[in-house]
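**Student:** Got a structure for you, questions after.
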Amino acid sequence: MAITRTFDLLDHLVTRYPKNDILAGKVGGEWVKYSSHDYYKYAHYMAYGLCESGFEPGDKIITISPNCPEWNFIDMALAMCGIIHVPVYPTLSTENYRHIIDHSEARAIFVSNNLLLRRIRPALEQTTNQPEIYTLANIDGEHRMLEILKAGIASREKWMGEIEHRKETIKPDDWFTLIYTSGTTGDPKGVMLSHRNMVSNFTAHAEVNPQTSDERILSFLPLNHAYERSMNYHYQYKGISIYYAESLGTIAQNLAEIKASGFCAVPRVIEMFFDKLYAAGKDFTGVRKTIYESAFRHGYRYDYTLLKRVSLWYQIKQTFFDKMVYSKWRERFGGNRMTVITGSSSIQPRMIKLFAAAGINIYEGYGLSETSPVIAVNDPAHGNVKIGTVGPILSGVEVSFADDGEILTRGPHVMLGYYKDPEYTAQVIDPDGWFHTGDVGVMSGKYLKITDRKKDIFKLSAGKYVAPQLLENRLRESEYIEQVMVIGANEKYAAAIILPNFNTLHFWALKHKLHYRDNAQLITMAEVKTKYKAIIETINKELAAHEQIKQFRLVTDEWSTNNGLLSPTLKLRRNQLLKKYKELINDIYGHEQAPTNPFLSAFRSVELPNLTLPWKKDK
């Protein structure tokens with residue numbers, strides 16, 4: 001059957017992939033599995049219950065929940081009812097929650113547990129809109145989503161025909177979801193997507209995935225984000241079983257438990273895997289340590305696109321390192337070779353090569369919430385893969401470039417527009433239907449390469465442009481750097497604020513017999529500064545003169561989503577970082593600070609009346 005609306009996946013699954021674990025989540029330490037038929041029934045009963053509870057087509061319902069099978073039941077039920085699904089991050093600020101609740105005019109909020117309910121309470125107290133609250137967990141005094149399900153079961157004869165009628169009348173171009181972009185500045189914007197937007201996109205990128213319905217994947221990125229949500233539909237379209245991780249802290253354990261054949265990730269998650277694998281060899285000695293470190297060096301040179309053309313000696317080394325090292329890594333993740341899809345920001349090529357050597361193949365893609373989301377992705381199913389690019393343009397997607405290199409895209413994947421914001425919609429979608437992505441890129445043959453974010457590119461005072469993301473990505477290739485922000489807008493030279501990888505730095509400090517009280521003292525030591533200066537000088541040799549990092553400062557603060565320095569998709573929030581490190585930046589560039597003397601400030605605040613000076617008196 002043709003799939004033109006998201007809920008068509010339900011019929012697709014029960015007819016083509018009637019398996020007993022299409023969805024699974026952990027409850028009480030045990031995996032609870034749902035069959036394709038279970039999924040179909042729960043979604044329809046929820047739809048009947050929503051009708052019985054008085055919800056109408058066009059209503060908006062917010063969901064705030066970690067990944068779980070029940071998220072899908074609700075998602076499909078809302079789509080069949082013609083209700084607009086507004087999935088929201090579980091980690092937003094009170095102000096962002098308040099904005100979304102009011103801006104969306106949501107009639108109800110479905111929240112999974114008491115912790116999240118307490119998190120949104122302060123926002124609810126400030127909103128003019130007062131939606132009904134339903135909880136997945138049993139919380140005293142609150143309505144439960146289970147009540148809706150039970151109402152649907154009891155009233156199924158009443159609403160079965162109505163839901164079938166609604167399904168028949170819902171068109172592919174109808175609006176079905178409102179996704180609020182996490183953004184790095186200002187209030188989140190509501191992206192309106194139609195069924196056609198999402199379906200055209202996930203069916204296209206599913207075709208480039210070599211995985212089959214016999215496999216299982218682990219899902220842990222937030223389902224409210226367009227990327228993971230689209231991949232969630234993608235896996236269902238291919239009949240691949242989806243297991244939802246308990247938390248970010250249990251990813252490795254859950255991968256091993258289900259013997260996963262893949263997952264979706266953002267580069268930061270892959271970097272964390274890399275850090276743990278690298279740290280595992282720190283305590284090795286002798287021949288074992290030599291082999292382990294050699295496996296890393298070999299992996300950095302690996303390229304699965306060229307493997308058939310390498311020497312016999314290279315292939316012998318690959319076999320040796322796979323037996324001695326890489327196979328042990330796979331055992332930690334369940335033992336299977338894996339297909340991993342990554343996006344949201346660029347990933348270091350050396351990590352792609354290393355993990356590919358270990359049988360964990362990482363395929364980078366690119367897109368935005370506004371494009372449903374994929375524009376380009378590496379295509380392993382047809383051998384169209386190039387490390388360092390985001391792959392060929394997706395089938396059905398058009399791409400062009402503005403005069404300044406900005407990537408433009410057009411096609412069925414481009415959003416309906418921003419909710420309640422036609423002016424901004426008109427700014428980003430031109431009269432010819434081209435969506436202006438804000439990203440800058442080039443074509444490398446048939447492959448798209450992202451060079452930077454248009455708004456992040458800055459100009460030095462000498463008039464030279466610097467693309468900070470390219471430099472940051474190169475700097476993060478050092479095992480000694482966890483995070484970095486390159487700065488220099490309107491300044492004489494580029495500089496960097498660096499958050500060290502303290503696990504690696506501590507090991508280095510121990511090896512060099514450095515004594516320190518804490519990290520704050522460690523980063524002030526001359527030996528440490530010399531170490532980082534050497535790292536930067538090595539990288540500078542590869543850069544144009546105007547791109548070279550002339551100064552740097554080391555910091556100890558955590559950069560995370562919790563403190564607002566990273567977005568929910570783990571991108572740098574540059575404005576917040578610039579504010580936080582304003583004094584450091586002023587120190588780097590020798591800017592004068594505003595007077596801070598409270599005594600002087602107090603005097604300056606007093607308005608003085610006119611006074612005739614004695615030597616000015618008339619003679």
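The values are calculated or read from the model by the stated rules, or taken from the named source; none is laboratory data. None of the values given here were measured: they were computed from a predicted structure. Cβ placement follows ideal geometry from the backbone for every residue including glycine, while neighbour counts extend to all protein chains displayed.
**Student:** Can you name the residue in region 31-70 that is small (Gly, Ala, Ser) and either without any contact (Cβ under 8 Å) to a residue 24 or more places away in the chain or not assigned by TED's automatic domain parsing to the domain that holds ALA154 (or both) and, of all such residues, is farthest from MET192 (Cα to Cα)?
**Tutor:** For region 31-70, the residue satisfying everything is SER35.
**Student:** Whether any residue in region 494-510 is of a type outside the set (S, T, N, Q) and surrounded by fewer than 13 Cβ atoms within 10 Å (Cβ to Cβ) is what I want to check.
**Tutor:** yes
**Student:** Next up: Within region 90-101, work out how many residues are surrounded by fewer than 23 Cβ atoms within 10 Å (Cβ to Cβ) and either under 20 Å from VAL27 (Cα atoms) or touching a Ser or Thr at 6+ places or on another chain (Cβ under 7 Å) (or both).
**Tutor:** Within region 90-101, residues that are surrounded by fewer than 23 Cβ atoms within 10 Å (Cβ to Cβ) and either under 20 Å from VAL27 (Cα atoms) or touching a Ser or Thr at 6+ places or on another chain (Cβ under 7 Å) (or both) number 3.
**Student:** Checking LEU50 against (1) surrounded by 20 or more Cβ atoms within 10 Å (Cβ to Cβ); (2) part of a loop (DSSP other than H, G, I, E, B), only one condition comes out false. Which one?
**Tutor:** (2)
**Student:** Out of region 481-490, which residues are on the phi < 0 side of the Ramachandran plot and buried (at least 20 other Cβ atoms within 10 Å of the Cβ)?
**Tutor:** Residues satisfying the conditions are ILE481, GLU482, GLN483, VAL484, MET485, VAL486, ILE487.
Condition check ((1) under 19 Å from PRO380 (Cβ atoms); (2) out of contact with any Ser or Thr (no Cβ under 8 Å at 6 or more places or on another chain)) across all residues:
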{"site": "GLY262", "(1), (2)": "yes, no"}
{"site": "ILE291", "(1), (2)": "no, yes"}
{"site": "SER294", "(1), (2)": "no, yes"}
{"site": "SER311", "(1), (2)": "no, yes"}
{"site": "LYS323", "(1), (2)": "no, yes"}
{"site": "PHE333", "(1), (2)": "yes, yes"}
{"site": "ASN336", "(1), (2)": "yes, no"}
{"site": "ALA356", "(1), (2)": "yes, yes"}
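**Student:** Give region 83-131 a look and list any residue that's under 23 Å from the mean Cα position of the chain (by Cα) and among the charged types (D, E, K, R), or say none.
**Tutor:** GLU95, ARG98, ARG119 - these are the residues of region 83-131 that are under 23 Å from the mean Cα position of the chain (by Cα) and among the charged types (D, E, K, R).
**Student:** Checking the condition farther than 24 Å from THR212 by Cβ, surrounded by fewer than 18 Cβ atoms within 10 Å (Cβ to Cβ) and of a type in the set (A, V, I, L, M, F, W, C), which residue from MET324, MET351 passes?
**Tutor:** One residue alone meets the criteria, MET324.
**Student:** Still on this structure, I have one more. Among the residues of region 324-342, which ones are closer than 20 Å to ILE240 by Cα and not charged (D, E, K, R)?
**Tutor:** Those that are closer than 20 Å to ILE240 by Cα and not charged (D, E, K, R): PHE333, GLY334, GLY335, ASN336, MET338, THR339, VAL340, ILE341, THR342.
Every residue, every condition in (1) in the same structural domain as THR538 (by TED's automatic domain parsing); (2) under 17 Å from LYS579 (Cα atoms); (3) small (Gly, Ala, Ser); (4) out of contact with any His (no Cβ under 6 Å at 6 or more places or on another chain), yes or no:
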{"residue": "ASN473", "(1), (2), (3), (4)": "yes, no, no, yes"}
{"residue": "GLU477", "(1), (2), (3), (4)": "yes, no, no, yes"}
{"residue": "ASN490", "(1), (2), (3), (4)": "yes, yes, no, yes"}
{"residue": "ALA495", "(1), (2), (3), (4)": "yes, yes, yes, yes"}
{"residue": "ILE498", "(1), (2), (3), (4)": "yes, yes, no, yes"}
{"residue": "ASN501", "(1), (2), (3), (4)": "yes, no, no, yes"}
{"residue": "THR504", "(1), (2), (3), (4)": "yes, no, no, yes"}
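**Student:** Is it the case that ALA137 is under 25 Å from GLY190 (Cβ atoms) and without any contact (Cβ under 8 Å) to a residue 60 or more places away in the chain?
**Tutor:** no
**Student:** Then there's this: Is there a residue in region 326-338 that is of a type outside the set (D, E, K, R), closer than 26 Å to PRO222 by Cα and part of a helix (DSSP H, G or I)?
**Tutor:** Yes, region 326-338 contains at least one residue that is of a type outside the set (D, E, K, R), closer than 26 Å to PRO222 by Cα and part of a helix (DSSP H, G or I).
**Student:** Name the pairs: first residue in region 281-294 and under 20 Å from ALA357 (Cβ atoms), second residue in a loop (DSSP other than H, G, I, E, B) and not basic (Lys, Arg), Cβ to Cβ under 8 Å, at least 6 apart or on different chains?
**Tutor:** Cβ pairs passing all conditions: LYS289/GLY281; TYR292/GLY281; TYR292/PHE284; GLU293/GLY281.
**Student:** If you go through region 218-241 one residue at a time, do you hit one that is in contact (Cβ under 8 Å) with a residue 60 or more places away in the chain, of a type in the set (A, V, I, L, M), crowded, with 24+ Cβ neighbours inside 10 Å and in a strand (DSSP E or B)?
**Tutor:** Checked region 218-241: no residue is in contact (Cβ under 8 Å) with a residue 60 or more places away in the chain, of a type in the set (A, V, I, L, M), crowded, with 24+ Cβ neighbours inside 10 Å and in a strand (DSSP E or B).
**Student:** Which pairs have Cβ atoms under 6 Å, sit 6 or more apart or on different chains, and link a residue in region 497-513 that is touching a residue at least 24 places away in the same chain (Cβ under 8 Å) to one that is among the small types (Gly, Ala, Ser)?
**Tutor:** Within 6 Å, the pairs are ASN503/ALA279.
**Student:** I would also like to ask the following. Examine region 467-477 for a residue that is within 27 Å of the chain's Cα centre (by Cα), part of a strand (DSSP E or B) and closer than 26 Å to LYS276 by Cβ, and state whether such a residue exists.
**Tutor:** Looking for residues that are within 27 Å of the chain's Cα centre (by Cα), part of a strand (DSSP E or B) and closer than 26 Å to LYS276 by Cβ, one finds none in region 467-477, hence no.
**Student:** Could you check region 1-14 and list, in sequence order, the residues that are under 9 Å from SER36 (Cβ atoms) and β-branched (Val, Ile, Thr)?
**Tutor:** Within region 1-14, VAL14 is the sole residue that qualifies.
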